[in-house]
Amino acid sequence: MTHQITLRFEDGATQMIDCRAGESVADAALRARVSIPLDCRDGVCGTCKATCAAGDYQHGDYVDEALSAQEAQAGRVLTCQMRPSSDCVIEIAAASDAAGVGTFHGRLTASRALSPSTLTFSIALDDRQALSFLPGQYVNVQVPGSDLTRSYSFSSGPQKTRCRSWSATCRRG
Ligand code: FES
């Protein structure tokens, strides 16, 4: 059984996703390749805090610092923990332009080993390309001429506006 979840973004855009029984909204969004703010995915940081405008759900497990009892009573939810038990409408505290999945081309402008196991680098995007991203989002980097991709976390901070260059970090291994 699945529930239909309407994700309503700050700019008025909506995305519909299906959430399986027992699945968190965040996992359902990731499965649908829709990015929403995420970080710990463990009910600790509060990054994924959103508002459920309609529907029934279980709050799941989390610490009080991430979501207070007052917030929970007012319909605030942590999407990494929330398990819908009906169709729901959820207001996401982010604009939709960072919610999609896209392909971008750019040039490596800097690279530095932070330790024997950690690498950081910067990419400048090609002309007319710009990228915005949410907390917890990552990028799969592919070297031209190769089929290999690798996931990297952004180390530059999330921005409200779309940016032309960004940095990422990955543990080597
Ligand atoms: S991502 Fe940290 S509480 Fe949900």
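The values are calculated or read from the model by the stated rules, or taken from the named source; none is laboratory data. As the structure is a prediction and not an experimental result, all values here were calculated from the model. Virtual Cβ from ideal backbone geometry, glycine too; neighbours counted across all protein chains shown. Heavy atoms of the whole protein, side chains included, go into the accessibility calculation; ligands, DNA and RNA do not. Shrake-Rupley method; radii C 1.70, N 1.55, O 1.52, S 1.80 Å.
Brief remarks on what is shown
- Share of carbon and sulfur in the accessible heavy-atom surface of region 1-152 [1.4 Å probe, %]: 46 percent
- Compared with the direct C-alpha span, the chain from Val63 to Asp11 gains 15.8 nm at full extension, assuming 0.36 nm per residue.
- Per residue, the accessible area of region 50-101 comes to 48 Å², computed with a 1.4 Å probe over protein heavy atoms only.
- Once all protein chains are placed together, Thr14 keeps about 80 Å² accessible to a 1.4 angstrom probe.
- Here r is the Cβ-Cβ distance between Ala130 and Ala110 and R0 is 22 Å; the resulting FRET efficiency, rounded to 0.05, is 0.70.
- Stretch gain in nm, segment Thr51-Gln70, where the contour uses 0.36 nm per residue and the Cα spacing is subtracted: 5.6 nm
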